[in-house]
Amino acid sequence: MEKGQKSQGDARRRRVQRLKKMIMLSVLIWMIFPVGLCIVLFGKIGALNRQVEETQDYQQQLLQQISAAVAQQEQLSATMAQQDQQAPLLDRKAILVSAPVVGADGQNGDMAVVEPEAAHKVYLTFDDGPSKYTEEILDILDEYDVKATFFVLGKETEYSIEMLQEIARRGHTIGMHSYSHKYAEVYRSVEDFSADFYRIYSYILENTGIQSTCYRFPGGSSNTISDIDMHVFADFLAEQEIEYYDWNVSSGDGGSVLLDVDTLVSNATSGILGNGTSIILMHDAASRPTTVEALPQIIENILAMDDTVILPITEDTTPIHHIK
Ligand code: ZN
């Protein structure tokens, strides 16, 4: 019985010890596992932190690059704006890109007309219009079936625009004579000249669809008003592919004294037979009533001359230049 009790006690001790070992082992496992996990996780966290730092550095670099690019662009825009201010010269070809082009069938919008052969070619030119006499002048020209050239100004009244369109409709040539005709403004600088040129060019284009290619300087290229050498403005027109026309015959109707009809007729017609090309200066202006009165006689005298034709200015016309 004692022996049996003893062996029972041994067996229990062994069980208890096995149990202890198992508990110890479990505890050990449960301690090692989290520690190992912690070590692994800390390692991961460290790696992630480094990645975050690298990303932040990269982001910082990107932001710096973006702000540098923005600054560069701003500088570029500022430079371009400055260049725009420094170069206000307007280009006729640039105007054409933005302006609507309306066909001007057979009128001076399409000036590829071959001039008839004649020993004496006469061009009647009227400056400063439209005026209250425009329609009367047009009717006289129609009566004799001759075409003339009107070097017009930028007059914005409804009547003036109507007359401008009437000049075009009846097949005469429309030339530019500056927008403002104010010498002090037009000839102040090449920039002012260019701005005025742009205005008269656009005024004609917008109201008639005609791309005028001829110009008469206010006062002519030989005017003594401009402080700037007129070659500068002539060169500007040449760059725009615009021809300018002075005159070699003057009716004399532009002076301070109003000339009588006979004097105008005599001035306008004498000397024509000595010229291959005669460009006659006249005015379509409210202050020049005798020009309208003299016009029928001027036309009749010219038409009576041998081998002489009256023509509108076209790109074929030999220009008369006062300055060489
Ligand atoms: Zn004038």
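Among residues that are closer than 22 Å to I242 by Cβ, within 22 Å of the chain's Cα centre (by Cα) and among the basic types (K, R), K182 is not included. Residues in the range 129-167 that are open to solvent by 30 Å² or more (accessible area, probe 1.4 Å) and in a loop (DSSP other than H, G, I, E, B) were compared, and the one that is nearest to K182 (Cα to Cα) is K155. In the range 168-184, the residue that is farthest from L205 (Cα to Cα) out of those that are touching a Leu at 6+ places or on another chain (Cβ under 8 Å) and open to solvent by 10 Å² or more (accessible area, probe 1.4 Å) is H181. Candidates S266, S287: the one that is polar (S, T, N, Q), more than 24 Å from Y201 (Cβ to Cβ), open to solvent by 60 Å² or more (accessible area, probe 1.4 Å) and part of a loop (DSSP other than H, G, I, E, B) is S287. For the range 140-153, the condition holds for no residue, the condition being that it is away from the ligand (no atom under 16 Å from the Cβ), assigned by TED's automatic domain parsing to the domain that holds A304 and among the polar types (S, T, N, Q).
The values are calculated or read from the model by the stated rules, or taken from the named source; none is laboratory data. Since the structure is predicted, the reported quantities are computational estimates derived from the model, not experimental observations. Cβ sites come from the backbone with ideal geometry, for glycine too, and all protein chains shown count toward neighbours. Heads up: the accessible areas ignore ligands, DNA and RNA and are worked out on the full protein's heavy atoms, side chains in. Shrake-Rupley method; radii C 1.70, N 1.55, O 1.52, S 1.80 Å.
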